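Comments concern the structure below.
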Amino acid sequence: MKILFVADVVGRPGRDAIESRLSSLRDERDVDFCVVNGENVADGVGITPKLAQRLLAAGADVITLGNHVWRRREIAPYLSGTDRVVRPANLSASSPGRGWTVAPAREGTRVAVLNLLGDLFMTPSVSPCEIVDGLVEEAQRETPVVLVDFHAEATSEKVALARYLDGKVTAVLGTHTHIQTNDARVQPGGTAAVTDAGMTGPHDSVIGVKADLAIQRMRTGMPVRFETAEGGVRLEGALVECDGSGRATGCDLVRVALD
Ligand SMILES: [Fe+2]
């Protein structure tokens with residue numbers, strides 16, 4: 001089966017890209033299941049229930065999130081009532097929502113999707129290393145096809161977790177840094193991995209933000225209100241192919257220009 005993972009959807013340009021292109025891309029690549037990271041879809045930070053529903057309606061089977069999960073407060077009650085949007089599993093156990101879910105693919109195979117935050121700059125309640133084994137075991141009791149969205153800053157952390165999970169899950173796909181890395185691979189144990197799947201949004205920018213505003217803040221150290229950029233929109237991510245045992249047989253980067 002083929003699983004399309006769509007990297008961090010940023011602001012209106014990212015959402016427009018999903019709404020205009022995801023459905024046809026699913027057809028072209030013969031995709032059975034689609035996961036979309038949506039943590040930046042609300043003006044560049046956070047997600048609202050309405051925007052989550054729009055991503056689901058546009059072809060996402062499951063939405064993953066990240067460090068900006070609580071930026072829009074209205075998402076909290078929504079997360080408690082949905083099994084199609086997951087927040088990082090290593091947040092406080094008292095926070096709303098779930099850290100993993102299972103949903104059926106087009107041909108019926110069930111796919112588990114886990115979301116984890118990295119340690120560096122992310123301040124998760126629990127280190128991902130502390131809970132990942134238990135989560136993977138729970139997920140595998142449901143299905144052998146398990147995909148992990150590891151939302152993390154450091155390349156080393158993402159490569160190390162992908163290697164640690166090699167042979168235990170179908171794919172470990174990195175998000176958050178918004179710059180697609182040229183390392184899509186199937187590891188020796190059969191787990192697909194990409195250090196960063198990229199960004200679905202405006203690439204004529206500084207990781208989605210209008211470049212002049214990001215530069216102004218960097219040069220002056222003063223607070224600057226960031227705005228989402230507009231040009232160079234691309235849909236980016238990874239296409240993972242796996243067999244019925246959950247072992248990955250292929251992993252390719254996806255990069256589709258929209259303007
Ligand atoms: Fe993030």
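Using the heavy atoms of the protein chains and a 1.4 angstrom probe, tell me the accessible area per residue for the chain in square angstrom.
42
What are the principal axis extents of the Cα atoms in the chain, in Å, biggest first?
Principal axes ranked by extent give 51, 40, 35 Å for the Cα atoms.
Do any chymotrypsin sites (Phe, Trp or Tyr not before Pro) in region 121-189 lie in a loop, going by DSSP, with at most 14 other beta-carbon atoms within 10 Å of their beta carbon, and if so which?
Qualifying residues, ordered by number: F121.
Rank-order 168-180, 46-58 by packing density, defined as the average count of other C-beta atoms within 10 Å over each peptide's residues, highest first.
Averaged packing, sorted descending, gives the order 168-180, 46-58.
Starting from the Cα of K168, draw a straight line to each of the lysines and keep only those under 27 Å, dropping any in the same chain fewer than 8 residues away.
Straight-distance partners of K168: K2, K158.
Between D119 and N182, what is 0.36 nm times their sequence separation minus the Cα-Cα distance? Round to one decimal in nm.
Roughly 20.4 nm would be gained on extension.
Less than 13 Å Cβ to Cβ from D83, Lys/Arg counted +1 and Asp/Glu -1: what total charge do the surrounding residues give?
Around D83, the charge tally is +2.
Once you list every other residue whose beta carbon is under 12 Å from the beta carbon of R26, what net charge do they have if Lys and Arg are +1 and Asp and Glu are -1?
-1
Please state the Cα pair-distance histogram of region 35-93 with 5 angstrom bins from zero: what percent is in each bin?
Here the calculated profile for region 35-93 is 4, 21, 36, 28, 9, 1, 0.
Are there GluC sites (Glu not before Pro) in region 1-95 that DSSP puts in a loop and that have at most 14 other Cβ atoms within 10 Å, and which ones?
E74
Does anyone have the angle between helix 211-220 and the longest principal axis of the chain? Alpha-carbon axes, 0 to 90°, nearest 10?
The answer is roughly 70 degrees.
Taking only Cα atoms, what is the 0 to 90° angle, nearest 10, from helix 11-28's long axis to the longest principal axis of the chain?
The angle comes out at about 30 degrees.
Could you please state how large a percent of the accessible area of region 98-229 is carbon and sulfur, counting protein chains only and using a 1.4 Å probe?
53
Quick check: Cα centre of region 1-58 to Cα centre of region 132-197, how many Å?
Each part reduced to its Cα centre gives a spacing of 20 Å.
On a 0 to 90 degree scale, rounded to 10, what angle separates helix 155-164 from the longest Cα axis of the chain?
10
Among residues other than R163 whose Cβ falls under 13 Å from its Cβ, what is the net charge (Lys/Arg +1, Asp/Glu -1)?
Overall, the nearby charge balance is 0.
The values are calculated or read from the model by the stated rules, or taken from the named source; none is laboratory data. Only a predicted model underlies this, so the values are computations on that prediction, with no experimental measurement involved. No Cβ is skipped: glycine too gets one built from the backbone with ideal geometry, and neighbour counts run over all protein chains shown. Note: areas computed on protein heavy atoms with side chains; ligands, DNA, RNA excluded. Shrake-Rupley method; radii C 1.70, N 1.55, O 1.52, S 1.80 Å.
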